[in-house]
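Presented below is the structure to which this report refers.
The values are calculated or read from the model by the stated rules, or taken from the named source; none is laboratory data. This one's a predicted model, so the numbers in the text were calculated from it and none came from an experiment. In this analysis, Cβ positions are derived from the backbone assuming ideal geometry, glycine residues included, and neighbour counts consider all displayed protein chains. Protein only, heavy atoms only, side chains kept; ligands, DNA and RNA dropped before computing areas. Shrake-Rupley method; radii C 1.70, N 1.55, O 1.52, S 1.80 Å.
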Amino acid sequence: MTRNEHPILIVGGGLGGASAALALARNGFRVTLLEQAPEFGVIGYGIQLGPNVFPMFDRLGITEAVLQAALHPKAVLMVDSVDGGTIARVPTGASFVSRFKRPYIVIHRADLHRILLDACAATPNIELVPNADAVSFEDTGSGVRVPTRDGRIFDGAALIAADGIRSTIRQQMRGEGEPRTIGYVAHRTIVPMADVTFDVDRDDVVLWSGPGFHIVHYPLRDRTLFNIVTVFKTRNAEASDTASPHPDLDHVYRDSHPTMRALWAMMDLSHRGWVSSDRDPIRHWSRGRVTLLGDAAHPTLQTLAQGACMAIEDAVCLADFIDLSDGNFEEAFRRYEQARYLRTARVQYESRYLWDNFYHVGGIEREVARETWSHRTEEDMFDCLAWLYDGIDLPQQQGVAA
Ligand SMILES: Cc1cc2nc3c(=O)[nH]c(=O)nc-3n(C[C@H](O)[C@H](O)[C@H](O)COP(=O)(O)OP(=O)(O)OC[C@H]3O[C@@H](n4cnc5c(N)ncnc54)[C@H](O)[C@@H]3O)c2cc1C
């Protein structure tokens with residue numbers, strides 16, 4: 001039994017779009033999920049997920065499956081790129097779970113995506129359409145129309161754009177042009193753990209920070225894989241993702257710790273790079289029967305490792321408001337953005353602040369950061385993160401009136 005004759009269209013089958021499809025279908029709505037790529041969910045790198053996302057997984061019915069595919073690091077560490085000393089440490093073992101009720105995990109993105117897509121496939125009312133590159137939208141007043149590049153037209157009751165940081169739908173809605181770039185580019189690599197022969201922490205999430213660069217690494221899939229992300233300042237960071245940048249890199253890791261240099265040597269830069277970018281927060285990202293979700297609405301630097309978590313929170317929150325507004329999409333979208341903009345703006349602003357003032361500082365600034373943060377107790381660290389990791393009250397839990 002479906003609640004809507006015409007499907008709700010979702011553009012973008014990333015983690016945000018797939019979560020929104022599942023959340024809506026579980027509330028009884030018919031959904032069509034349009035993805036430009038020929039295949040859903042192929043980004044094959046790791047992702048960190050905070051405890052705040054687990055109540056969302058509960059609502060999506062996928063918590064068990066996610067936990068089975070995940071690893072539980074004992075700590076998230078920031079270490080000094082020159083001498084390897086600890087700058088900051090957030091324990092993510094038993095005391096963390098006791099404080100935040102849910103774990104901190106790392107998981108292969110492809111595994112998380114597969115869990116979401118399997119759940120979508122097992123839920124009636126979701127149509128998954130690959131090879132559907134949405135080029136624009138029309139709000140007809142009583143519905144929406146979305147043409148795709150190959151000439152098809154999709155009609156729906158409303159449109160949710162989860163099409164990422166370079167959202168086509170946002171561009172039509174707001175006309176802002178390219179996202180803000182900051183001169184950094186990220187590269188991701190996964191290698192078999194057996195190939196990691198040098199001395200390095202293979203259990204935790206470790207972030208090596210230095211002036212103009214950082215490296216993050218952690219294990220995946222029962223510790224059989226090692227995920228490495230390197231981020232560095234480059235003169236070649238352009239407004240779009242780079243297929244193969246040729247940055248002037250010789251200087252970047254020259255003075256860094258031997259482990260960092262060994263990590264750097266494992267990187268394969270011939271693969272795609274992600275230009276680090278975001279946008280300024282906005283208060284409103286809906287118009288009529290059209291709204292935005294995830295990176296399309298509030299793209300953030302990856303400093304807090306929360307972009308996907310925010311997209312998944314958006315998805316469940318939005319599905320609740322659509323449920324409560326029972327077909328009045330304009331009303332649902334207004335309540336959704338009102339509920340989400342402050343939290344997501346804080347993620348955007350704090351990510352920028354920490355990127356400049358914590359992750360990438362050098363010289364005396366680095367020493368001051370280390371002096372300041374290395375003395376913080378476990379409780380101090382938990383208090384700093386509570387606004388984020390304590391999570392949100394979902395509309396249906398708050399008993400928000402219909
Ligand atoms: C290096 C790096 C590390 C990160 N680490 C973390 C982390 O550890 N934890 C975390 O929570 N977040 C992390 N993030 C952020 C996270 O990746 C994003 O915030 C998240 O993927 C956003 O999800 P989304 O569904 O909104 O958009 P996306 O993941 O960008 O998905 C958008 C989807 O829309 C599709 N699409 C685009 N245009 C169209 C169109 N016109 N028609 C149809 N389909 C379209 C795309 O193909 C894609 O599938 C990281 C980001 C980077 C760059």
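Some points to look at:
- Angle between the chain longest axis and helix 307-325 axis [Cα atoms, degrees, rounded to 10]: 20
- For region 1-80, the set of GluC sites (Glu not before Pro) satisfying both a DSSP loop assignment and a count of at most 15 other C-beta atoms within 10 Å is given as E5, E39.
- Percentage, to the nearest whole number, of Cα pairs in region 1-47 over 15 Å apart: 46
- Percent of Cα pairs exceeding the 19 Å cut-off, where the set is region 23-100: 60
- Between V191 and N131, the contour length at 0.36 nm per residue exceeds the Cα-Cα span by 18.6 nm.
- Extension gain for I153-E331 works out to 61.5 nm (0.36 nm per residue, less the C-alpha to C-alpha distance).
- Axis angle, to the nearest 10 degrees, between helix 329-354 and the longest C-alpha principal axis of the chain: 10 degrees.
- All alpha carbon pair distances within region 277-402 were sorted into 10 Å bins beginning at 0; the resulting P(r) in whole percents reads 12, 36, 29, 15, 7, 1.
- Test item: Cα-centred dipole of region 328-371, Lys/Arg +1 and Asp/Glu -1 on Cβ, debye: 160
- Sparse-neighbour loop sites [trypsin sites (Lys or Arg not before Pro); region 1-91; at most 16 other C-beta within 10 Å; DSSP]: R3, K74
- Intensity falloff of region 250-306 expressed as log10 I(q)/I(0), Debye formula with alpha-carbon point scatterers, at q = 0.18, 0.27 Å⁻¹: -0.81, -1.12
- Rg/Rh for region 46-137 (Cα atoms only, Rh after Kirkwood) is 1.12.
- Ordered from longest to shortest, the equivalent ellipsoid semi-axes for region 344-402 are 33, 15, 5 Å, each the square root of 5 times a Cα gyration tensor eigenvalue.
- Of the GluC sites (Glu not before Pro) found in region 88-183, the ones in coil according to DSSP and having at most 15 other Cβ atoms within 10 Å of their Cβ are E176.
- Helix axis angle, 363-373 relative to the chain longest principal axis, alpha carbon, degrees: 70
- With every protein chain in place, the chain: carbon and sulfur % of accessible area (1.4 Å): 49
- Dipole of the chain [Lys/Arg +1, Asp/Glu -1 at C-beta], most positive-end residue of G141, G307, A70: G141
- Annotation: per residue accessible area for the chain equals 42 Å², rounded to a whole number [probe 1.4 Å, protein chains only].
- Distance cut-off 24 Å, percentage of C-alpha pairs in region 86-219 lying past it: 60
- Annotation: for a label point projected 7 angstrom from Cα along Cα→Cβ of R261, residues of region 185-199 with backbone N closer than 20 Å are 196-199.
- Within the chain, antiparallel bridges make up roughly 70 percent of the DSSP beta bridges whose residues both belong there.
- Region 325-373 pair-distance distribution - Cα-Cα, 10 Å bins, rounded %: 23, 27, 20, 14, 11, 4
- Most mobile of Q36, Q348, Q338 in a GNM of the chain (Cα contacts under 10 Å): Q338
- For q = 0.06, 0.11 Å⁻¹, Debye-computed log10 I/I(0) when each Cα of the chain counts as one equal scatterer: -0.23, -0.80
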